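Colleague: Can you keep this structure in mind? I'll have questions shortly.
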Amino acid sequence: MYSLDETLQQRLRERARLAGMDEEAMLASLLNEALSKESQGHSLYISAPVNALVEGLYREDTTIADILQQGDFGIGTFNDLDGEMVVCDGVVYQLRADGQAYAVSPDTRTPFACVTFFTPYSEEEIQGPLDYPELLALFDRMLPSHNMLYAIRVTGEFDYVRTRSVPRQEAYRPLVEVAREQPEFEFAQVKGTLVGFWTPQFMESVAVPGYHLHFITADKQHGGHLLNCRPRRVRIAIQHIPQLQLGLPMTLDYLTADLTRDTHDDLQEAEH
């Protein structure tokens, strides 16, 4: 039989007291929570199929509180397509069309988000400048198989970053039309973090295929959907994700939408 050291026992007693539980029940609760997070950390949660977003379904009932139950790392957007989402270290940032980052309340809603509990299996430090194609080629070499899902975080110094963020929209306007009017932002000699995923091509009706990355500056004040970058000194961390959880919204718009159209070309134009 193992026993807790005195410091852990004191912390357990205090947590139990605050929760109005006995120590044994609190210990069981904490263990269940830890095991739940461990299993969730090996899956990617997508709140709705991306083809619904491409067709202009910009409002769903999934809240940010719901999203944070599923992961502490990821990307997405907000209802009415009101900016880009970055989830980093369990904090959600809204990067609006002015290029600024804003705080997000738990009851804010999203029509599309991808999150996981980030636990990288591989990290690599890069010393020296890379252009964007070279960075993507490096990612390719770090991925064991392109038929799996991966979470990717790149943190450090960038010589150049170009992003965009779409302005708030009314529902039903196709995403490809909105993207043609997107404001773009450029940053030089900036520190920050890229957050995103690799998704196999065969999953393009569920999530954006290929590399889908968002950027946020180190001071958490600016960013957006990544269009181009030139990293200089960065740490690349990659997590293999063998499981997928997909939410299917229960809104009337989603239940009555025709999602049979091939949206490949629209999605490629909108994202790149």
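Laboratory data are not the source of any read-out in this text; all were calculated from the coordinates shown. Computed from a prediction, not measured in an experiment: that's the story for all the values here. Virtual Cβ from ideal backbone geometry, glycine too; neighbours counted across all protein chains shown.
Colleague: Using the basic label-point model (7 angstrom from Cα toward the beta carbon), what is the SER145 to GLN201 distance in nanometres?
Modeller: 1.8
Colleague: Next question, about the same structure. Can you give the FRET efficiency to the nearest 0.05 for GLU177 and LEU246, using r as the Cβ-Cβ distance and R₀ = 35 Å?
Modeller: Calculated value: 0.85.
Colleague: Using the Cα centre of the stretch 107-191 as origin and beta-carbon charges of +1 (Lys, Arg) and -1 (Asp, Glu), tell me which of GLY128, VAL190, PRO111 is placed farthest towards the positive end of the dipole.
Modeller: Of the options given, the answer is PRO111.
Colleague: In the chain, which longest range has no trypsin sites (Lys or Arg not before Pro) that are both DSSP loop (not H, G, I, E or B) and surrounded by at most 14 other Cβ atoms within 10 Å? Walk me through the numbers before you get to the answer.
Modeller: On the way: sites that count: ARG168, ARG180, ARG261.
By the stated rule (loop sites, at most 14 other Cβ atoms within 10 Å), 1-167.
Colleague: Related question: List SER43, SER145 from most exposed to least, where exposure is judged by having the fewest other Cβ atoms within 10 Å.
Modeller: SER145, SER43
Colleague: Still on this model: Give me, ordered by chain and number, the residues 5 or more places off GLY56 or on other chains with an amide H under 5 Å from its own placed amide H.
Modeller: Under 5 Å from the amide H of GLY56 lie the amide H atoms of LEU175, each far enough along the sequence or on another chain.
Colleague: Hey, how many Å between the Cα centroid of the stretch 250-264 and the Cα centroid of the stretch 147-222?
Modeller: 23
Colleague: Let a ≥ b ≥ c be the square roots of the eigenvalues of the Cα gyration tensor of the stretch 109-218; is it rounded (a/c under 1.5), or, if not, prolate (a/b larger than b/c) or oblate?
Modeller: Oblate shape, in that a/c is at least 1.5 and b/c is the bigger or equal ratio.
Colleague: Which angle between 0 and 90 degrees, to the nearest 10, do you get for helix 23-40 versus the longest principal axis of the chain when only C-alpha atoms count?
Modeller: Roughly 30 degrees between the two axes.
Colleague: If you don't mind, there's one more thing I want to ask. Just want the ordering: VAL91, VAL115, VAL206, from fewest to most Cβ atoms lying within 10 Å of their own Cβ.
Modeller: On the way: VAL91 13, VAL115 27, VAL206 18.
Taking fewest neighbouring Cβ atoms as first place, the list is VAL91, VAL206, VAL115.
Colleague: Quote to one decimal, in nm, the extra length available between GLU125 and ARG168 on full extension: 0.36 nm per residue of separation minus the C-alpha distance between them.
Modeller: Using 0.36 nm per residue and subtracting the Cα-Cα distance, I get 11.8 nm.
Colleague: For the stretch 43-271, what is the charge dipole size about the Cα centre, in debye to the nearest 20, if Lys and Arg each add +1 at the Cβ and Asp and Glu each add -1 at the Cβ? Please report the intermediate quantities before stating the final value.
Modeller: Working: 17 positive and 33 negative charges, 112 e Å.
The calculation lands at about 540 debye.
Colleague: May I pose another question? Give a residue-ordered list of calculated ³J(HN,Hα) values for the stretch 196-205 (Karplus: 6.51 cos²θ - 1.76 cosθ + 1.60, θ = phi - 60°; whole Hz; x for Gly, Pro).
Modeller: So the Karplus estimates, Gly and Pro as x, are x, 9, 9, 10, x, 4, 5, 9, 5, 7 Hz.
Colleague: I need the Kirkwood Rh of the stretch 180-255: take the reciprocal of the average 1/r across all distinct C-alpha pairs and report it in angstrom. Could the numbers behind the result be given before it?
Modeller: Values: mean 1/r = 0.0654 Å⁻¹.
Final number for the Kirkwood radius of the stretch 180-255 is 15.3 Å.
Colleague: Once a ≥ b ≥ c are taken as the square roots of the eigenvalues of the Cα gyration tensor of the stretch 67-131, is the result rounded (a/c under 1.5), prolate (a/b larger than b/c) or oblate (a/b not larger than b/c)? Before the final figure, lay out each step's value.
Modeller: Numbers: a/c = 2.60, a/b = 1.46, b/c = 1.78.
Here the stretch 67-131 falls in the oblate category.
Colleague: Separate question: Each residue of the stretch 139-149 in turn: what ³J(HN,Hα) in whole Hz from Karplus with 6.51, -1.76, 1.60 and θ = phi - 60°, glycine and Pro shown as x?
Modeller: Each residue's phi maps through the Karplus curve to give 3, 4, 6, 8, 8, x, 8, 7, 9, 10, 8 Hz.
Colleague: Would you work out the relative contact order for the stretch 43-271, in percent, from Cα pairs under 8 angstrom that are 6 or more residues apart?
Modeller: 31 percent.
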